[in-house]
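A.B. asks: One structure follows; several queries about it will come next.
The values are calculated or read from the model by the stated rules, or taken from the named source; none is laboratory data. Keep in mind that this is a model prediction, so the values were computed, not measured. With ideal geometry, Cβ positions are generated from the backbone for all residues, glycine too; neighbour counts draw on all protein chains shown. In case anyone asks, the SASA skips ligands and DNA or RNA and just uses the protein heavy atoms, side chains included. Shrake-Rupley method; radii C 1.70, N 1.55, O 1.52, S 1.80 Å.
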Amino acid sequence: MDMKVSSGINISSVILGVLPANSAMVSTSLRELDGVEVHAIGEDGRMIVTIESGDEDNTSNIFEAMRQTPGVISASLVYHQYESDPDEEA
């Protein structure tokens, strides 16, 4: 019996509030986290960040690490999607 093992992925989008003076330091710290990508940094310090992770617990841990990063004032999860098989998207 040949069964394909599905490897799903959690994709989350987060908006972070950061003091503008700390945005470069915070961006550098976030890029060191596995599965995190910084997409935009506003002049007001807001950052748009995504998390890609294989399981929800890891996603939660990454979100908490982002929230606890020195210089981060606020963190809001604005989007979450689970792709059961990202290689076979329609």
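A.B. asks: Between L77 and E64, what is the spin-label point distance in nm, taking each point 7 Å from the Cα along the Cα→C-beta axis?
C.D. replies: 1.2 nm
A.B. asks: Follow-up. So what are the ³J(HN,Hα) numbers for region 44-51, from phi and the Karplus equation (6.51, -1.76, 1.60; θ = phi - 60°), rounded to whole Hz, Gly and Pro as x?
C.D. replies: 3J(HN,Hα) across region 44-51, in whole Hz: 7, x, 5, 10, 9, 10, 10, 10.
A.B. asks: Let me ask another. Of I11, A21, F63, whose Cα points farthest to the positive end of the dipole of the chain (charges on the beta-carbon: +1 Lys, Arg; -1 Asp, Glu; origin at the Cα centre)?
C.D. replies: Of I11, A21, F63, it is A21.
A.B. asks: How big is the Rg/Rh ratio for the chain, C-alpha atoms only, Rh by Kirkwood, two decimals? Before the final figure, lay out the partial values.
C.D. replies: On the way: Rg = 14.9 Å, Rh = 13.8 Å.
So for the chain, dividing Rg by the Kirkwood Rh gives 1.08.
A.B. asks: Counting heavy atoms of the protein chains only and a 1.4 Å probe, report the per residue accessible area for the chain as a whole number of Å². The partial results should precede the final answer.
C.D. replies: On the way: 5960 Å² over 90 residues.
On a per-residue basis, the chain sits at 66 Å².
A.B. asks: Next question, about the same structure. Quick check: net charge around E37, other residues with Cβ under 10 Å of its Cβ, Lys/Arg +1 and Asp/Glu -1? Spell out each step's value before the answer.
C.D. replies: Working: positive: R31; negative: E52.
My count for the surroundings of E37 gives 0.
A.B. asks: Quick check for me: using +1 on Lys/Arg Cβ and -1 on Asp/Glu Cβ, what's the dipole size of the chain about its Cα centre, in debye to the nearest 20? Write out the running numbers ahead of the final one.
C.D. replies: Numbers: 4 positive and 16 negative charges, 117 e Å.
Taking the Cα centre of the chain as origin, the dipole is about 560 debye.
A.B. asks: State, to one decimal in nm, how far the label point of A40 lies from the label point of A24, with both points 7 Å from Cα in the Cβ direction.
C.D. replies: Placing both labels 7 Å along Cα→Cβ, they lie 2.2 nm apart.
A.B. asks: How much of the accessible area of the chain, in percent, comes from carbon and sulfur atoms when a 1.4 Å probe is used?
C.D. replies: Numbers: 2950 of 5960 Å².
Solvent-exposed carbon and sulfur of the chain make up 50 percent of the total.
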